Amino acid sequence: MGHPADTRLGFVKIALVSDAWTPQLNGAARTLAALQDGLNAAGHQVLMLTPDLFAAVRCPTEPGVCLAVGVRHHLAQRLDDFAPCYCGREPAHRFLRIKC
């Protein structure tokens, strides 16, 4: 299977999925923001998928955390439309090669 031209040049599309994002001020949110900035600065295209993009509810055990609800179809559609080469999820920070 051939690789898209952007991956041959070393630039890839990366999707990061997390429930930790602004306005939260925690280590995970800060780390993901820094990761996104660094990846963008290196020329990669990054899609952040966070609760602020979807209908969300407050987490009952963590008042500062919002949890996206009923997003399976919308999340899948955004990932299909973006067609990332890598998809990472927080908190595990595991990257899965999903296309290319």
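Scanning the range 43-67 for residues that are of a type in the set (A, V, I, L, M, F, W, C) and at pLDDT below 80 turns up VAL65, CYS66, LEU67. Considering the range 60-69, and only residues there that are surrounded by 10 or more Cβ atoms within 10 Å (Cβ to Cβ) and not β-branched (Val, Ile, Thr), the residue that is farthest from the chain's Cα centre (by Cα) turns out to be GLU62. Which residue is surrounded by the most Cβ atoms within 10 Å (Cβ to Cβ), if the candidates are limited to the range 21-55 and must be in contact with a Ser or Thr (Cβ under 8 Å, 6 or more places away or on another chain) and small (Gly, Ala, Ser)? So the residue we want is ALA29. Within the range 50-74, residues that are farther than 19 Å from ALA15 by Cα reach partners that are among the acidic types (Asp, Glu) with beta carbons closer than 7 Å, at six or more positions or on different chains, in the pairs VAL65/ASP19. Restricting the first residue to the range 30-41 and requiring it to be in contact (Cβ under 8 Å) with a residue 24 or more places away in the chain, which pairs with a second residue that is loosely packed, with under 11 Cβ neighbours inside 10 Å and of a type outside the set (Phe, Trp, Tyr) meet a Cβ separation below 6 Å and a spacing of at least six or different chains? Taking only residues 6 or more apart or on different chains, not a single pair turns up.
The values are calculated or read from the model by the stated rules, or taken from the named source; none is laboratory data. Please read all numbers here as calculations on a predicted model, not as lab measurements. In this analysis, Cβ positions are derived from the backbone assuming ideal geometry, glycine residues included, and neighbour counts consider all displayed protein chains.
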